[in-house]
């Protein structure tokens with residue numbers, strides 16, 4: 001009697017159970033075929049398919065379509081969220097990536113006169129200013145130094161023929177350029193090989209009572225200067241402000257534009273021509289008075305050696321938009 005009851009139970013309910021299993025299997029197949037990306041989203045977020053390892057190093061090229069699936073803050077949005085003092089790059093070309101450079105998913109970050117890289121070979125920068133006789137301009141790079149990079153310090157004084165001296169970071173600095181003969185200003189450039197894992201605070205001293213600016217950069221993949229840098233004064237301009245014209249000699253140079261505005265007002269630079277891309281601009285207060293000064297930097301990798309220059313737009317026709325062009329040979 002009991003055995004017959006169990007058989008009746010199986011005969012009645014087993015077909016219903018098997019039908020339910022088949023229905024669930026069909027639903028699963030439908031979802032899988034209808035949403036093929038659903039199964040890969042998590043692995044992409046973990047860096048398995050985006051070209052980025054969990055440490056942030058690129059392992060394969062990343063397409064725009066892949067990156068567009070995830071929110072990326074614009075430069076101004078990023079700095080606003082961080083509560084930092086950044087100048088939005090309205091009207092300018094966004095930062096670009098150069099061959100061999102790190103994977104970048106965001107814009108730049110400006111900490112007063114400090115910036116951490118944006119996809120160019122420039123890893124980090126800082127800017128400092130002072131005004132007065134014997135004054136010292138100081139700036140500190142925001143993160144520890146890396147191995148295999150080069151430190152480039154660009155010094156400026158608003159007085160012709162002054163002496164600029166650089167020290168700091170526990171390093172020996174080599175002066176690779178000095179212009180003390182211009183009637184308008186003095187420019188100096190130094191380089192040093194950093195010690196990996198160390199911090200870096202550099203100080204520049206001038207013997208003249210005038211503007212004293214220092215711009216410090218850590219850059220990857222560069223060697224020596226290709227040709228002598230060219231400094232220039234573009235005065236009282238708003239549109240069509242110009243740099244000098246530099247004749248490079250080697251294919252693939254990294255060409256850097258560094259400018260200082262000494263008009264004392266807040267300036268925004270836009271519309272760089274000939275492929276130059278702004279990688280940072282910021283205002284900073286000068287120690288010992290002298291008001292607000294402004295620094296802008298742009299760069300390009302020049303595939304073929306040729307004559308190179310750029311024009312730009314400044315939001316205010318300041319008395320002096322002083323700038324310098326530098327071309328470094330790339331070593332990778």
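Taken together, the values in this text are just the output of simple stated rules run on the coordinates, not laboratory data. Keep in mind that this is a model prediction, so the values were computed, not measured. Glycine gets a Cβ as well: all are built from the backbone with ideal geometry, and neighbour counts include every protein chain shown.
Some observations on this one:
- With 0.36 nm allotted per residue and the present C-alpha distance subtracted, the residue 24-residue 178 stretch has 47.7 nm of extension available.
- Rg in Å to one decimal, and Dmax rounded to a whole Å, for segment 176-288 via C-alpha atoms: 15.7, 44
- Spin-label model distance (nm) - residue 16 vs residue 249, 7 Å beyond Cα toward Cβ: 9.1 nm
- Computed E for residue 239/residue 160 - FRET, C-beta separation, R0 41 angstrom, nearest 0.05: 0.90
- Ordering of 180-193, 159-172, 206-219 by packing is 206-219, 180-193, 159-172, highest average first (other Cβ atoms within 10 Å, averaged per residue).
- The distance between label points at residue 305 and residue 143 comes to 3.4 nm (points 7 Å beyond Cα on the Cα→Cβ vector).
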